[in-house]
1. Would you calculate the volume per residue, in Å³, of the smallest convex hull containing every Cα atom of region 80-153?
2. 7 Å from Cα along Cα→Cβ at both Ser176 and Thr199: what's the point-to-point distance in nm?
3. So for region 168-365, Kirkwood radius off the Cα pairs, Stokes-Einstein at 25 °C and 0.890 mPa s: how many µm² s⁻¹?
4. P(r) for region 10-160: what percent of alpha-carbon pairs falls in each 10 Å bin, starting at zero?
5. Please list, ordered by chain and number, the residues whose modelled amide H lies under 5 Å from the amide H of Gly226; skip anything fewer than 5 residues away on the same chain.
6. With θ set to phi - 60° and the Karplus curve 6.51 cos²θ - 1.76 cosθ + 1.60, what are the ³J(HN,Hα) couplings of region 146-157 in order, to the nearest whole Hz, using x for Gly and Pro?
7. How about Lys16: which lysines have a C-alpha closer than 20 Å to its C-alpha, ignoring those fewer than 8 places off in the same chain?
8. Among the lysines, which fall within straight-line cross-link reach of Lys68, defined as a Cα-Cα distance under 18 Å, with same-chain neighbours fewer than 8 residues apart omitted?
Amino acid sequence: MVLPLPQIDLTQLNNKTVLVRLDLNLVFDGETLVDQTRWDKVVPTIRHIRSANPKRVVLLTHFGRPKKQESCWSTERLLPVIQKDFPETRYVKQYDPNLTESIVLLENTRFNHGEYDNDVTGLDDMILHMDCLIFDAFSVGHRDHASVTGLIDQYPQVYFGPHFIQEQLSIDASLSGETPRVAIIGGAKISTKLPLLNTLIDWADHLIVGGGIANTLLLANGCQMGDSLVESQSLGQAKDILARCADKLILPVDGITNTGACVSFDKATLNADEQILDIGPQSLMRIEQTIQSAKTIIWNGPLGYFERRPFNHGSEQVAKFIAHSNAFSIVGGGDSLSLINQLGLQDQYTYISTSGGAFLSYLAEGSLSVINTWRACHETH
Ligand code: ADP
Ligand code: MG
C-alpha cells in the first residue's frame, strides 16, 4: 500500500529547530514587488509550526535562477515582506546556532555550490542537521536539486507542509474526477507539454489544444502554419499523438492571424510570414459546448498570444467558460494564472495551483521527484 505523506506533527516540534523549505520566489519588477502570492500561501504554514513553540524556525528558499551570488537575488530583498507578518525575522548569510531570533531567513539556496546538481556537500553542514525538515514547496518538487530531493534524502524526520498537501490533494481530486473529463492544454512550452498530452489522453474524454501546442499538431497534420509558433523538432511526437488520440483530440478548426484575419485550417494556407496568434470563432463555439458538458476540467496554458490585443480574446473566453461551468475545475501555469487574475476570476475555479512545472509533472506522472525520494527513503522502514 502507498503510504500517505507525513503531515506536520505539532507534538514533535516543541523546542526544536525546524528547517522549512519554501518557495519564496516572489515576483519583482525592478525594485518593485509585484506578486507575493507565494508568500501568502505559506504564512499559515509558519503560523501552524509556531503554534507548537519550536525553538527556532529556519526558512530556506530559492529566489530567481542565479548562476552566481548576485545581490539582486539575495533573499535579503524578501525580508520586508516576511517581517510584515513576522517582525522578529532575521536574515542571515550564514546560519549561526547561537542566534536569538525565533525566525531566521537563510540566504538563497541557489547561491550554494552544487544546488542545481543535487550535491548536498555545497549546503552548510548545519542546514543538514537541524531537528527536522518541513517541506512546503510543491512548485519545486519535480526538481532534483540539493535543497529539494537532496534534503529529503538527508533528513530522518520529514513532514510535508499544508500547502504542499493541498496542491497534491487538489490535483489528485481532478485526476479522479467525474466524467466527462476535459483537458485544455495551450501555451508555448511545446516540448514540455506534448508528453503531458500522452498521459492526459488516457484521463480525458476530450482533449482541447491551443497555442503553440495546437500549431505544432496542425503542422503535423499537414497544415501550412507559416511563421506561427511551432516546434519542428517535436513533429514526430506530435504525429504519434495524432495517431493515438484523434477521436478525443479537439484541434482548432480556425485561427486569427497576426494581421487580424480569420482563417479556416481546412481551406487556407498561410503565407510564410503569417502567424496564427489566437483560436478562431468556430473553434471557440466547439470549446464552449465541450466545457459546458464537462464534470471535471484541467486547464494549463493560454490558447493564444494573450498578452496582446486582440489575440487575448480566445484565452479570455475560455477562462470565462470554465469559470461559469459547474464542473470541478483546476488550473495551473504562470501565464494561465496571470490571465485569470487579470480577469478577476480566481474565486470561480475549484482550485488554482501555483506550481507551474510541478503541476504539469504531477499531472503527467501522478507524483514528483521529492515524493518518490521520500518514499524510497522511508517506506521500506
Ligand atoms: P503557462 O505559463 O500557463 O504554463 P506557457 O508558459 O506554456 O503557459 O505559455 C504561455 C505563452 O504562450 C504566452 O506568453 C502566450 O503569449 C504564448 N502563446 C500562446 N499561444 C500562442 C501563439 N499562438 N503564438 C504565440 N505565442 C503564443
Ligand atoms: Mg509560462
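1. Working: hull volume 7.9 nm³, N = 74.
That works out to 106 Å³ per residue.
2. Roughly 1.7 nm, to one decimal.
3. Values: Rh = 16.4 Å.
D, rounded to a whole number, is 150 µm²/s.
4. Bins of 10 Å from zero give 11, 45, 37, 7, 0 percent of pairs.
5. Leu270
6. 3J(HN,Hα) across region 146-157, in whole Hz: 4, 8, 10, 5, x, 5, 4, 5, 7, 8, x, 10.
7. Lys55
8. Reachable lysines: Lys93.
No value in this document is a laboratory result; all are computed from the given coordinates. Owing to the predicted nature of the structure, the values given are computational and were not obtained by experimental measurement. Backbone-built Cβ (ideal geometry, glycine too); neighbour counts: all protein chains shown.
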